[in-house]
Amino acid sequence: MRNKKKSNTNGLITKCEKILDNAYPTLSKHRGYKKIIGNIVLGILGLGIIYSAIGLIKKAITGKFLFFNDSKSARALNKIKKSINALQANNGDKTSPSAKLRQP
């Protein structure tokens, strides 16, 4: 009786292994895009983390976090303000540049 049970068990194991081996190629194929989408999302998040890290370094150095934050017009105004401040510093004048512009 023991040999019969052992024989049945071995036969069952063999059949199960055969069924699993036959099913493996079908079950191992990707049927959806979950992993692909997951990898894309992780890539985008990774870029976001790198962008944030570089932005924080830029903020520490320049005081501005964003990379493209000033328009050409704003940069031109900043140059004009720096020029006025440089002229003011050379003349030793303590009046603010905007106050000078308002005076008649």
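Is there a residue in the stretch 43-51 that is outside any helix (DSSP H, G or I) and among the hydrophobic types (A, V, I, L, M, F, W, C)? So far as the stretch 43-51 goes, no, none of its residues is outside any helix (DSSP H, G or I) and among the hydrophobic types (A, V, I, L, M, F, W, C).
Contact annotation: residue pairs with Cβ atoms under 9 Å, 6 or more positions apart or on different chains, pairing a residue in the stretch 60-81 that is closer than 23 Å to I49 by Cα and surrounded by 10 or more Cβ atoms within 10 Å (Cβ to Cβ) with a partner that is acidic (D, E) and modelled with pLDDT under 85, are K64/D70. The residues of the stretch 3-23 that are at pLDDT below 85 and either on the phi > 0 side of the Ramachandran plot or loosely packed, with under 10 Cβ neighbours inside 10 Å (or both), listed by number, are N3, K4, K5. Only one of the listed residues (K82, K94, K58, K64) is at pLDDT 80 or above, out of contact with any Asp or Glu (no Cβ under 7 Å at 6 or more places or on another chain) and not in a helix (DSSP H, G or I). That residue is K64.
Condition test on A53, is it modelled with pLDDT under 90, of a type in the set (G, A, S) and surrounded by 10 or more Cβ atoms within 10 Å (Cβ to Cβ)? No, not satisfied.
The values are calculated or read from the model by the stated rules, or taken from the named source; none is laboratory data. The model shown is predicted, which means the values in this text are computed figures rather than measured ones. Note that each Cβ is placed from the backbone with ideal geometry, even for glycine, and that neighbours are counted across all protein chains shown.
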